[in-house]
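Q: Got a structure for you, written out below as structure tokens; questions coming shortly.
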Amino acid sequence: MSKEKISQLESLRAKSKREADLFFSLCENGQNFVESKKLKDALDHSGLKPNDNRLQSLFKRLEAHGDKIVFEDFISIIRTSGLLVEKALRGQLALPDFIDFSKNIDKIFDEVKKIRSGELASYIPPLAEVDPDQFGIAIVTIDGQIYQRGDSQTDFSFQSMCKPFNYCFALEALGLEQVSKHVGKEPSGRQFDDLTLLARSASSNGFSRVPFNPMVNAGAIMTAGLIDPDDSFTQRLRHIRQQFGRLIGWTADESPSAEMPRFNKNMARQENFKGYNNIAMGYLLMATGSLPHTKTDLHRDIHPDEDEFDFYIEPAVTEALKLYFSICSLEMTATDVAMAAATLANSGVCPISQDRVLSQKTVRNCLPVLQSSGMYNASGTFFQQVGLPAKSGVGGGVLLIVPQLMGICIFSPRLDTQGNSVRGIEMSKRLTSKYLVHTFDGTMTDTDRLDPKLPIARWEANSCGEAIWAASNGNIRTLESLVSQQRDLQTGDYDIRTPLHLASAEGQLEVVKFLLDHDVKPIPDRWGGYPISDARNNNHKKIVDLFEKLDIKYTEPFHLVENPKGKSDKIAKFDDELMVIELLFAATKNNVDNIRHLVANGVPVNAGDYDLRTALHLAAAEGSLEAVEYLVTHGHPLNVRDRWGATPLDEAKREKRKSVVDFLNKYKS
């Protein structure tokens, strides 16, 4: 970008900084306009989809506008989506580093796909006839970001995954106090279809007999019986399908985002034909008196044969069972189910339609029961290992809810002996082994697992930045706190610069003693330099003496500085040190999306760290050509110098990054 154009954009940012930062972050290759494709790509990389209801107006404007968007038009276009696009461009959605997250889930998916153990559900033909090799996953965040892989768009039978939602629908209509008179909240400790279905639970009137919880079949039949019991079956099923539709983004005007769940009549008939245990449960529920029903008198027998009589069938039982079988026989895709789970994660508001389907109180009352009882007899083990509210179904689905973050659905029909999807369970375990999403992850310090709510570069910055800044500034209290959290104080940054390096460079003698007393070992940085070199170069003799007492053979660093007396450009200052470190980590990984997010947040491209290193130094050293091009065309000066006087070109030459050297030389000339 020419100096004149950079000056124009900087002037623009000074007048309207918030929106101009967004615009500036998307300008490419010396342009002072944004290409329509660049904006679309940025939204796609953030995980938002073109059929999202909230983006319909924006995409219509883009199609009508053409390829080039000047600043005034850019503001007008992005304002059609409220703050959604702004959050996406700033990396402030629920999963800010969506591309990195997707790559990690892809890797886990490919590993789990190799597992072929387990058997199909076989108690009815439609479940026994599905393709056992199907495997799909969908993840939807509370901001409507969507990840899909494999058979994520294949309809499958909802089965027992309907149970938490039925419970929610009953709670919405009647409230917790009334629903609790009919179904309990305790884990059963029994098979989901066990006929020993009733618990003795304390109540104000002594003891009552109700199903243990809404996640076992008895409780699910009961909650089905509680939903609009005075309406006809057709009305009740239509209402429930519409409620599920709203959970996944369906609206009455048939928006493009979602369709209502499909009803598989054959599946429902087979459930009815083979559902002996469930039918028995229905009558046992009636026997307790807790199944909602209209009191009927015994009609006069009018059968003409004296040895025969008119056999009575209680309609409340058959209606509850018919509705339950029908809801289990609804079909949705993994993406649909993930969206419904995301609605629960979002406290009852559908992420893409912004429709409040369930109250916050309903969701809050449902999730604890789901957490304790959702995975059949494996619920305790599952919660210990995975730590998330979850529900499985014999159709092969597993849904998980990460409150205030995302909903997940994994579909794979092969089941274990407890009726849970084998791949679904394994995928769940590996996901929480990779990411800090377990409910109780806040009780431990774990720098090996990633926080999905942070960009990968910020997570890396957090893992080392606080300790390095504390060491550099002599803040022993912060270091003591990090030690108590079991943080590794030997972790280095993008240059393998550790707290010990910075404390030595800045002459923080007490910090050096503290670190050595806590068994932090001196290690070489990117250039082969140990902390003793930092102390020696800055005339901190007492620190040098400490290191000389250690039994370590030190090497001297090699810094390439071709023209130490050459031109020197200024490095920008920025108040948020961690965002600066994040910028440098992003440049190291050639993560242009992350760099763009930071620029959209107002971080100067030439912001420097504690060693006066900038993103261009790191991108050049690592050979991150795309990052180098982005930084330079967004105004990063070429002759910034680090603590040792090296420019980005020096770094590229030292690391033999030919493509970067050629680009910088060409740009310089």
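Q: Looking only at the range 497-506, decide whether some residue is among the basic types (Lys, Arg), modelled with pLDDT under 90 and not assigned by TED's automatic domain parsing to the domain that holds Asn594.
A: no
Q: I'd like to check something: does the range 595-603 contain any residue that is buried (at least 21 other Cβ atoms within 10 Å of the Cβ), under 19 Å from Asn462 (Cβ atoms), in contact (Cβ under 8 Å) with a residue 40 or more places away in the chain and under 27 Å from the mean Cα position of the chain (by Cα)?
A: yes
Matching residues to (1) within 19 Å of Ile408 (Cβ to Cβ); (2) among the β-branched types (Val, Ile, Thr); (3) touching a Lys or Arg at 6+ places or on another chain (Cβ under 8 Å):
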| position | (1), (2), (3) |
| --- | --- |
| Arg269 | no, no, no |
| Asn277 | no, no, no |
| Ser329 | no, no, yes |
| Thr333 | yes, yes, no |
| Gln354 | no, no, yes |
| Val357 | yes, yes, yes |
| Cys366 | yes, no, no |
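Q: Let me ask something additional. Can you name the number of the only condition in (1) assigned to a helix (DSSP H, G or I); (2) crowded, with 19+ Cβ neighbours inside 10 Å; (3) touching a Leu at 6+ places or on another chain (Cβ under 8 Å); (4) not hydroxyl-bearing (Ser, Thr, Tyr) that His501 fails?
A: His501 satisfies all of (1) assigned to a helix (DSSP H, G or I); (2) crowded, with 19+ Cβ neighbours inside 10 Å; (3) touching a Leu at 6+ places or on another chain (Cβ under 8 Å); (4) not hydroxyl-bearing (Ser, Thr, Tyr) except (3).
Q: When you check Arg497 against the structure, is it closer than 17 Å to Arg613 by Cβ and among the basic types (Lys, Arg), yes or no?
A: Spelling it out, Arg497 is indeed closer than 17 Å to Arg613 by Cβ and among the basic types (Lys, Arg).
Residue-wise test of (1) crowded, with 23+ Cβ neighbours inside 10 Å; (2) in a helix (DSSP H, G or I); (3) at pLDDT 65 or above.
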| site | (1), (2), (3) |
| --- | --- |
| Glu186 | no, no, yes |
| Gly189 | no, no, no |
| Leu195 | no, no, no |
| Ser201 | no, no, no |
| Met215 | yes, no, yes |
| Asp228 | no, no, yes |
| His239 | no, yes, yes |
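Q: Does Glu626 satisfy the criteria of being modelled with pLDDT of 95 or more, under 22 Å from Leu578 (Cα atoms) and not small (Gly, Ala, Ser)?
A: No: the conditions fail for Glu626.
Q: Name the single residue, out of those in the range 295-318 being of a type in the set (A, V, I, L, M) and modelled with pLDDT of 80 or more, that is surrounded by the most Cβ atoms within 10 Å (Cβ to Cβ).
A: Taking the candidates together, the pick is Val317.
Q: Residue pairs, Cβ under 6 Å, 6 or more apart or interchain, first in the range 549-575 and touching a residue at least 12 places away in the same chain (Cβ under 8 Å), second surrounded by 11 or more Cβ atoms within 10 Å (Cβ to Cβ) and of a type in the set (Phe, Trp, Tyr). List them.
A: Between residues of the range 549-575 that are touching a residue at least 12 places away in the same chain (Cβ under 8 Å) and residues that are surrounded by 11 or more Cβ atoms within 10 Å (Cβ to Cβ) and of a type in the set (Phe, Trp, Tyr), the close pairs are Tyr554/Tyr530; Pro557/Trp527; Phe558/Trp527; His559/Trp527; His559/Trp644.
Q: Turning to a different aspect of this structure: Criterion first (modelled with pLDDT under 90, in a helix (DSSP H, G or I) and touching a strand residue (DSSP E or B) at 6+ places or on another chain (Cβ under 7 Å)) does Ala280 satisfy it?
A: Against the criterion (modelled with pLDDT under 90, in a helix (DSSP H, G or I) and touching a strand residue (DSSP E or B) at 6+ places or on another chain (Cβ under 7 Å)), Ala280 does not qualify.
Q: If you don't mind, another one. Failed condition for Lys565, given (1) surrounded by fewer than 19 Cβ atoms within 10 Å (Cβ to Cβ); (2) outside any loop (DSSP other than H, G, I, E, B); (3) of a type outside the set (Val, Ile, Thr), with all others met?
A: (2)
Q: Any residue at all in the range 172-184 that is in contact (Cβ under 8 Å) with a residue 60 or more places away in the chain, outside any loop (DSSP other than H, G, I, E, B), surrounded by 15 or more Cβ atoms within 10 Å (Cβ to Cβ) and not assigned by TED's automatic domain parsing to the domain that holds Leu358?
A: no
Q: Scan the range 305-329 residue by residue and report those that are under 30 Å from Ile139 (Cα atoms) and either among the hydroxyl-bearing types (Ser, Thr, Tyr) or touching a Ser or Thr at 6+ places or on another chain (Cβ under 8 Å) (or both).
A: Listed by number, the residues that qualify are Tyr324, Ser326, Cys328, Ser329.
Q: Among the residues of the range 515-538, is any touching a His at 6+ places or on another chain (Cβ under 9 Å), outside any loop (DSSP other than H, G, I, E, B) and not small (Gly, Ala, Ser)?
A: yes
Q: How many residues does the range 40-57 hold that are buried (at least 21 other Cβ atoms within 10 Å of the Cβ) and either touching a helix residue (DSSP H, G or I) at 6+ places or on another chain (Cβ under 7 Å) or of a type in the set (A, V, I, L, M) (or both)?
A: Looking only at that region, the number is 6.
Q: I would also like to ask the following. Suppose we keep only residues that are surrounded by fewer than 17 Cβ atoms within 10 Å (Cβ to Cβ) and of a type in the set (S, T, N, Q) within the range 639-666. Which one would you say is farthest from the chain's Cα centre (by Cα)?
A: Asn665
Q: So, in the range 296-348, exactly how many residues are under 19 Å from Ala224 (Cα atoms) and over 40 Å from the mean Cα position of the chain (by Cα)?
A: Residues in the range 296-348 being under 19 Å from Ala224 (Cα atoms) and over 40 Å from the mean Cα position of the chain (by Cα): 6 in total.
Q: Follow-up. Kindly evaluate Ser36 against the criterion of being modelled with pLDDT under 95, polar (S, T, N, Q) and touching a strand residue (DSSP E or B) at 6+ places or on another chain (Cβ under 9 Å).
A: yes
Q: Right, something else. Looking at the range 475-487, is at least one residue over 30 Å from Leu431 (Cβ atoms) and assigned to a loop (DSSP other than H, G, I, E, B)?
A: Yes: one or more hits.
The values are calculated or read from the model by the stated rules, or taken from the named source; none is laboratory data. This structure is a prediction, so every number in the text was calculated from the model and none was measured. Here Cβ is always computed from backbone atoms with ideal geometry, including for glycine, and neighbour counts include all displayed protein chains.
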